[in-house]
Amino acid sequence: MNESFIATARFTYIKDRKWPSAAIDVHHVIVRQSNLKGLLVCLFAFGFSANGLYLFLVLDKSPFALLWSLLLSSSLLKLGIGKSVVKESVLIMPNFGVQLETHYRSGRISRHFVPVSKILKPLLLEHVSPVTCYWVLSLILLKEEELTPVFKELHLPLKMLVPIWKALCGSGSGDNVFSLHSTVEDHEQSV
Amino acid sequence: MAPERHRILMVSDFFYPNFGGVENHIYYLSQCLLELGHKVVVMTHAYGNRSGVRYMTGGLKVYYVPWRPFVMQNTLPTIYGTLPIVRTILIREQISLVHGHQAFSTLCHEALMHARTMGYKVVFTDHSLYGFSDVGSIHMNKVLQFTLADVTQAICVSHTSKENTVLRSGIPPEKVYMIPNAVDTAMFMPAEERPGGNEIVIVVISRLVYRKGADLLVEVIPEVCQLYPNVRFIVGGDGPKRVRLEEMREKHSLQDRVDMLGAVPHASVRSVLITGHIFLNSSLTEAFCIAILEAASCGLLTVSTRVGGVPEVLPDDMIVLAEPDPTDMVQSIKKAISLLPGIDPQAMHERMKKLYDWHDVAKRTEIVYDRALKCPNQPLLGRLSRYLSCGSWAGKLFCLVMTIDFLLWHLLKLWQPEEDIDKVPDFVIPTGETSSAFDQELDDQSSS
């Protein structure tokens, strides 16, 4: 049963509940594919291949030029389309754990399960890069120095991250998972 | 009518964790503007591992953008490279005005240029004096001319600095305001008991570089030590000229009369100042000199070179001025020693509290912001005509740079429309009851 739905130009967020007990919270973010990007990638790949064939067949250049062009085209197709993300999902199983899934256009699915005992806190953070700044939902995990991003590939708008963050805050053992504000209060008291 | 709440972006290459006049100015001004109810965000480059978003006292948000500094803490100048991140920050923080600091900061110049391209009002504060004749100054002045050609308002920290900025950049003087720096008198308080005994302690705290007159100290210290057997020097600071001072100390056997402390953290400056009676400043150029304010706030009588904006800073009974010449400086120190019995550190501190206050600086800066925001907007063609007056070839080059910036901005608007950039909720550090208010703010953001 669909419980909520948010759509933007690039993403569609769907919140779902699974199984009759509706115990598992499922959050899907589906990428609205731009045909233009795929078309451009295919055009460039075709251009490289055609150039390699022309050099080999018409101009009698070395076959290595053709091999090199074909290699470049296949890499471009793999990076541009094969690695393209179709969907990312977060399955929240209260008192058990969180499963993070990434579905690629090639059919490959990458899954990462985080048991609830390892989750210290979900965080909404601002990530700053040399050219932009965006919100990131991450998990602080026990005995791990680096944050674990919930969404590996996608940069989602805040209005999609907030319900997922709240769902992560509200689930779990309750001892390990804190709200953002009580953590700030605890920090102030300890200082 | 309630005063208008501004949303200000302070931009400079120079900010915490660096310590200095510009850094302190930005920090204290930002804190006082926050207290006045405005929103202030600071943008600077990353310092080592300090990269990303940080929050400082009072909820001051700082963007440490991961652009590595390349020389003297300045970001590598790319002209257009910072356009995407500056645009993103301006939109997500809903900034109304951009305030750049320091002519030597490349990040400041680029951010002001991009802000003007995007139609924001910009204010520039110049903290230093520059020359006119050497190659470095000629280049810097041309860059300043470019930035100030289209700036909305400018601020200088002294009347001398204002004259210098107007002459270097050609900006109309009526656009330039003079707002001095201030000092945190709560932090710089005199000692409860003045250092007693027969000994007179002269304190020097500065970077030991040519510009700060370290070479003058090498000549002055032995002379004073010879004239006054009861005088002792404390020298705090580090730099390339430290070696010369060490050599002087060895040559004249002054190891027991000249203490070299090395680099003094800013938090420890007060504890060094209160051990002294006289503060000696030997700078060869200073737009303002916050150091003598700190010394006066701690109750020390100041001896300083008469350069730049220094004569404007302290009343005549708190400072003895000298030409930047060893003989004149020795005479001034003699005069200061004779004036010492009449100095009351507590009275000096109380006067400094009335004369210099960061809250006053913030209120005056607020007036500049109000006037800047009332200035009319001009289309690109009108603004380009201002750049043409910068020089026969430089003017055309500047116009080309601004035109390309304008085109790149429009391309960026197509690539990443403004609607795709999330606005940041105004974050106030929760005090228990306000956590539900923060949740409400996030809910409002997510539902919009």
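Just a few scattered comments:
- Restricting segment B:52-86 to residues that are at the interface with chain A (Cβ under 9 Å from one of its Cβ atoms) and of a type in the set (Gly, Ala, Ser) leaves a set whose member that is nearest to the chain's Cα centre (by Cα) is B:52.
- Yes/no for residue B:139 being away from every other protein chain (no Cβ under 14 Å), out of contact with any helix residue (DSSP H, G or I) (no Cβ under 7 Å at 6 or more places or on another chain) and open to solvent by less than 10 Å² (accessible area, probe 1.4 Å): no
- The set of residues in segment B:113-124 that are open to solvent by less than 10 Å² (accessible area, probe 1.4 Å) and either among the basic types (Lys, Arg) or under 12 Å from residue B:144 (Cβ atoms) (or both) contains only B:124.
- Residue in segment B:101-112 that is away from chain A (no Cβ under 14 Å), open to solvent by 50 Å² or more (accessible area, probe 1.4 Å) and either in contact with a Leu (Cβ under 7 Å, 6 or more places away or on another chain) or of a type outside the set (Gly, Ala, Ser) (or both) present: yes
- Flag for residue B:174 being modelled with pLDDT under 95, of a type outside the set (Phe, Trp, Tyr), farther than 26 Å from residue B:374 by Cβ and over 15 Å from the mean Cα position of the chain (by Cα): no
- Residue match in segment B:285-300 (condition: of a type in the set (Gly, Ala, Ser), outside any helix (DSSP H, G or I), in contact (Cβ under 8 Å) with a residue 12 or more places away in the chain and closer than 20 Å to residue B:356 by Cβ): yes
- Evaluating residue B:11 against the criteria (1) within 14 Å of another protein chain (Cβ to nearest Cβ); (2) touching a helix residue (DSSP H, G or I) at 6+ places or on another chain (Cβ under 9 Å); (3) surrounded by 15 or more Cβ atoms within 10 Å (Cβ to Cβ) leaves one unmet condition, (1).
- In segment B:372-396, of all residues being open to solvent by less than 90 Å² (accessible area, probe 1.4 Å) and of a type in the set (Lys, Arg), the one that is nearest to residue B:117 (Cα to Cα) corresponds to B:383.
- Among the conditions (1) open to solvent by less than 40 Å² (accessible area, probe 1.4 Å); (2) modelled with pLDDT of 65 or more; (3) facing another protein chain (nearest Cβ under 9 Å); (4) assigned to a helix (DSSP H, G or I), the only one that residue B:438 does not satisfy is (2).
- Selection count, segment B:223-253, where residues are within 21 Å of residue B:327 (Cα to Cα) and buried (at least 18 other Cβ atoms within 10 Å of the Cβ): 10
- Of all the residues in segment B:87-97, those that are more than 10 Å from chain A (Cβ to nearest Cβ) and of a type in the set (S, T, N, Q) number 2.
- Flag if residue B:311 is of a type outside the set (A, V, I, L, M, F, W, C), closer than 27 Å to residue B:156 by Cα and in a helix (DSSP H, G or I): yes
- Scanning segment B:77-94 for residues that are open to solvent by 10 Å² or more (accessible area, probe 1.4 Å), touching a strand residue (DSSP E or B) at 6+ places or on another chain (Cβ under 9 Å) and touching a residue at least 40 places away in the same chain (Cβ under 8 Å) yields a single hit, B:94.
- Pairs meeting the criteria (first residue in segment A:154-169 and within 8 Å of chain B (Cβ to nearest Cβ) and closer than 22 Å to residue A:133 by Cβ, second residue of a type in the set (A, V, I, L, M) and in a helix (DSSP H, G or I), beta carbons under 8 Å, at least 6 apart or on different chains) are A:158/B:442; A:162/B:442.
- Hits in segment A:170-191 - residues which are modelled with pLDDT of 70 or more and crowded, with 18+ Cβ neighbours inside 10 Å: A:171
- The lone exception for residue B:194 - which of (1) touching a Pro at 6+ places or on another chain (Cβ under 8 Å); (2) outside the structural domain of residue B:284 (by TED's automatic domain parsing); (3) open to solvent by less than 40 Å² (accessible area, probe 1.4 Å) it fails: (3)
- Some residue of segment A:130-140 being away from chain B (no Cβ under 14 Å), within 15 Å of the chain's Cα centre (by Cα) and open to solvent by less than 60 Å² (accessible area, probe 1.4 Å): yes
- Residue in segment B:336-346 that is in contact (Cβ under 8 Å) with a residue 24 or more places away in the chain, closer than 25 Å to residue B:162 by Cα, open to solvent by 10 Å² or more (accessible area, probe 1.4 Å) and not assigned by TED's automatic domain parsing to the domain that holds residue B:35 present: no
- Of all the numbered requirements in (1) buried (at least 19 other Cβ atoms within 10 Å of the Cβ); (2) modelled with pLDDT under 95; (3) within 14 Å of another protein chain (Cβ to nearest Cβ); (4) within 23 Å of residue B:266 (Cα to Cα), residue B:24 misses one, and that requirement is (3).
- Answer residue from segment B:148-163, given it is under 14 Å from residue B:102 (Cβ atoms), touching a residue at least 40 places away in the same chain (Cβ under 8 Å) and out of contact with any Ser or Thr (no Cβ under 7 Å at 6 or more places or on another chain) and is surrounded by the most Cβ atoms within 10 Å (Cβ to Cβ) among those: B:157
- Within segment B:125-136, being open to solvent by less than 40 Å² (accessible area, probe 1.4 Å) and free of Cβ contacts under 8 Å to residues at least 60 places away in the same chain holds for one residue alone: B:131.
The values are calculated or read from the model by the stated rules, or taken from the named source; none is laboratory data. Owing to the predicted nature of the structure, the values given are computational and were not obtained by experimental measurement. FYI the Cβ positions are ideal-geometry reconstructions off the backbone, even for glycines, and counts take in every protein chain you see. Calculation scope for accessible area: heavy atoms of the full protein, side chains included, ligands and nucleic acids excluded. Shrake-Rupley method; radii C 1.70, N 1.55, O 1.52, S 1.80 Å.
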